[in-house]
Structures are given as C-alpha cells and as structure tokens.
1. Around I104, with a cut-off of 15 angstrom between Cβ atoms, what is the net charge of the other residues, counting Lys and Arg +1 and Asp and Glu -1?
2. In nanometres, what is the gap between the two model label sites at D141 and A30, each 7 Å from Cα along Cα-to-Cβ?
3. For the modelled label position 7 Å from the Cα of E52 along Cα-to-Cβ, which residues of the stretch 71-104 have backbone nitrogen atoms closer than 18 Å?
4. Fewest first, what order do I128, I43, I104 take by the number of other Cβ atoms within 10 Å?
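We did not get these values from a lab; they are worked out from the coordinates using the rules stated. Only a predicted model underlies this, so the values are computations on that prediction, with no experimental measurement involved. Quick reminder, even Gly has a Cβ in these numbers, built from the backbone with ideal geometry, and neighbours come from all protein chains shown.
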Amino acid sequence: MIRFFASLATAIPLLAVSLGAQSTSSTSGAVRTAIDRGNAEYIAAFAQPNPEALARVYDSAGARLSPNGAYSRGRAAIAAEVRDFVSKVGPVRVTLETTDLWAIGDLAYETGKWSYTFTPQSKRTATIGGRYVTVWRLQADGNWRMLADLGVPGTSMSGSAARHTGAAGWRHRTR
C-alpha cells in the first residue's frame, strides 16, 4: 500500500508535466466550473474551520499526500489530519490558483499554486505555499471529488509559526 502511494506521488507530477507538454486541453467549461466549486468548498472549510466539510471534498477513497511519503486516505483520516492542523493554527485563509486542468474520462488533473495564511495562538501570522497536483474523480451524482491531492511546499513561506506548527509540510490551498 505504501509503495502504491509512493509510486502515485512520483507519477502524478510526471503525468502533469507530460500532459502540460500537449498543446490542447480536453477540459470543458462544465468540468472547470465543477472543479472551481470543489475548490471553493475546500477554501470555505478551512476558513470555518470545518474538517468534516473539507473531507467531503474528497472521494471516499481519496488521499492527501504529504512530503516524505506520508498520506491520509479516506474521509475519516483526512478529517482527523485537518482537525489536528487547525487545532494548532486556527482558521486558515487558503488561496488556490489553477494553472492547468485536463479532463480525461472520469478523471481530471489539476495543477496550480497554493498558499495558506494562519495565525497560531501566541505566534505571528504565517504564510506557507507551493505548487499542487490534484486528481479529481467524477462521482455518480455528477460532482467531482478529489482522489489524490499532492502539495509541494516551498515557493513561499514566512513566519516562524510555519516551522513550529509542522505546517511546512502541508499543502493547503486558497483561491
């Protein structure tokens, strides 16, 4: 199982790069609207903060992939991971900037930039960010849910709180 996710963590960025080399996009406006709606749910859940609402943005078999091969799989595990994070930092202002989106069958591949801004108790405001790759799966009800969500930290980080909360390894997205 761990090898599967390690392979997935390697394959997703490579897939995104190879898809990005193609000159045409197969993404319809309806798919983009649905993905944007999912991202808006993600952002609202972190702002509240509401870990259960955030977990519902994921497919029932969805996974949050983190640095060093760590991951949370399934809505209950994702909610627990997010609950732990927001207990340390409070509400999170998420920004997401979609760079590319491809829909192939019942899967959509999204790349972009993310940032999280938060203020842990007794600490200064911190902002962390990076790039992300998200694989979305079309559901039977017509909605799209995250199947795999991989954030790559490192393009922006400020404040000592990011280091002291363990948030430096998180891919939190805002739009």
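1. Details: positive: R32, R137; negative: D100, D106, E110.
After counting each charged neighbour, the total is -1.
2. 1.8
3. Those under the cut-off are 74-87.
4. Working: I128 29, I43 21, I104 11.
Fewest-to-most ranking of I128, I43, I104: I104, I43, I128.
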